[in-house]
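Colleague: First the structure, then my questions, so here it is.
The values are calculated or read from the model by the stated rules, or taken from the named source; none is laboratory data. It should be emphasised that the depicted structure is a prediction, and the values quoted were computed from it without experimental measurement. Because the Cβ atoms are built from the backbone with ideal geometry, glycine has one as well, and the counts that use them run over all protein chains shown.
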Amino acid sequence: MIRWSLLHIATAVCLIVGIYYGRAYIRMPDRVIVVDEAGSIYRGSSENVLCRETAENIARRCAFAFLDRSFEHDHWQLCEALFGRSAQKSLSDIIRKSKDEFREQKIRQLPEIRKVELLPLSDEPEQCLAFVYGTLHRTGVYMKIPYSQKLKFTLGLRLVRSPDEKAFPLRVLRMTYEEKSIFDNKTTGEDGAK
């Protein structure tokens with residue numbers, strides 16, 4: 001009888017120790033080795049890896065916050081939350097330059113995102129580059145005549161981990177913007193990364 005009691009006690013102790021070490025093992029970050037197409041080998045931990053879906057989602061939100069605007073409204077509060085200081089300066093310069101044109105011609109524009117391309121930076125694991133490609137649909141009134149215009153745009157974003165990850169996990173460190181009319185070869189561009 002005593003042997004069976006000791007066996008049950010030993011089994012319970014082993015179970016508790018196993019649960020403790022199993023939980024500690026599961027919470028440990030994985031060690032990963034990544035080999036890219038060029039054959040470069042990177043070692044790291046899966047603990048703080050940038051999520052591709054999150055980066056794409058933030059890039060789309062940034063494009064809509066910046067490009068979905070009209071002569072009546074813009075999304076400046078969202079832009080302040082998504083863009084860092086240097087990117088906000090570039091953003092406000094672009095908006096300020098076009099504000100009079102938007103007001104005079106009563107322009108409304110809506111972006112249609114076609115593709116988001118993400119490029120990791122090998123030297124900075126906490127950052128990535130995102131390029132958002134799409135079409136801007138603009139409508140307005142010029143000399144009392146309504147018009148519509150389509151522009152191709154490219155928005156380049158350098159995304160970095162945000163200090164406030166609960167609001168948005170990534171912020172824009174720097175940005176570049178270029179738009180081109182679909183019907184002619186005129187290109188207008190603004191470069192925020194100098």
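Colleague: Considering only residues that are in contact with a Ser or Thr (Cβ under 9 Å, 6 or more places away or on another chain) and among the β-branched types (Val, Ile, Thr), look in the range 92-131 and name the one that is modelled with the highest pLDDT.
Modeller: Selected residue: Ile113.
Colleague: In the set Tyr147, Tyr133, which member is without any contact (Cβ under 8 Å) to a residue 24 or more places away in the chain and within 17 Å of Asn57 (Cα to Cα)?
Modeller: Tyr133
Colleague: Ok, one more. Could you list, in sequence order, the residues of the range 123-150 that are outside any strand (DSSP E or B) and over 19 Å from Ser162 (Cα atoms)?
Modeller: Matches in the range 123-150: Met143, Lys144.
Colleague: With under 24 Å from Lys150 (Cβ atoms), outside any loop (DSSP other than H, G, I, E, B) and out of contact with any Lys or Arg (no Cβ under 8 Å at 6 or more places or on another chain) as the only criterion, which of Phe102, Phe66 stands out?
Modeller: Answer to the selection: Phe66.
Colleague: Inside the range 70-117, can you point out the residues that are of a type in the set (Ser, Thr, Tyr) and either touching a helix residue (DSSP H, G or I) at 6+ places or on another chain (Cβ under 7 Å) or over 21 Å from Thr176 (Cβ atoms) (or both)?
Modeller: Across the range 70-117, the qualifying residue is only Ser70.
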